[in-house]
Amino acid sequence: MAQKNSGRHSQAARKGKAARARNAAARAAADAGVVHGKRLQWTKAEVEEAFRRFAAANPVPRGELEHINPFTLLVAVVLSAQATDAGVNKATPALFKLADTPDKMVKLGEARLRALIKTIGLYRTKAKNLIALSRKLLAEHGGRVPHDRNALEALPGVGRKTANVVLNVAFGEPTIAVDTHIFRVANRTGLAAGKTPLEVEMKLIEVVPERYRLHAHHWLILHGRYVCIARRPLCEKCVIADLCKWPGKTVSAFAGGR
């Protein structure tokens, strides 16, 4: 009898594993379909309702990178490339005690900087870029972080996404920095499908109502980080599940009105 029960359990486990694999494959196929435009379009009313719900759930969302001032924000965002915010936050307190301005960063030196951030991916390249951008800030901007996209993107190690974060968080500009989380959420839900981060950014700027644009960046990042996650999205906890156009939802759509 024990042997029969063991066999049944093994068979059930195999079936469960196969079902999970099929579901994962179906979700992956649903995600892939976005790239080819296989997604229903959101109406203006639906977009409005989605952001109304985000705002109701989290009226003043905040980014998770710890910083003291615009310069330390810039440093933290540069360090976060291909790294987690949590990992960056573990390294930056000690760094910011020693170097919270461009002048102090240059004086710290590349070798000591590497030692302080060695737990972060690509730390050697990032240390080189941070020293170089600090020198550039001192030479060209009086040691201040510029409130200008072109000037920001001219800094070593700073691309459009980093510039958007700094403009949004430090200067209150309604920019949207498309990272992997926003790219996934925008494409998966059909809110702003695009093949590149820039395409998604432009589409989001087009569809997100102006009054929600300032915080859209953080609402979408947090949603992608904690709810609409890559492997198995938590659709049962999603405040916009009934609006979402993704055919791979892990639960059936429910009535809205949250």
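The values are calculated or read from the model by the stated rules, or taken from the named source; none is laboratory data. This is a predicted model, so every value here is computed, not measured. For neighbour counting, all protein chains shown are included, and Cβ atoms are generated from backbone atoms with ideal geometry for every residue, glycine included.
Here are some notes:
- So LEU122, is it more than 13 Å from VAL77 (Cα to Cα), crowded, with 19+ Cβ neighbours inside 10 Å, out of contact with any Gly (no Cβ under 6 Å at 6 or more places or on another chain) and not assigned by TED's automatic domain parsing to the domain that holds HIS223: no
- Qualifying residue in region 240-255 (condition: hydrophobic (A, V, I, L, M, F, W, C) and under 27 Å from ASN129 (Cα atoms)): no
- Residue check, VAL106 outside the structural domain of HIS215 (by TED's automatic domain parsing), under 24 Å from GLY143 (Cα atoms) and free of Cβ contacts under 8 Å to residues at least 40 places away in the same chain: yes
- Residues that are in contact with a Ser or Thr (Cβ under 8 Å, 6 or more places away or on another chain), buried (at least 16 other Cβ atoms within 10 Å of the Cβ) and not in a helix (DSSP H, G or I) within region 53-91 comprise LEU65, HIS67, ALA81, listed in sequence order.
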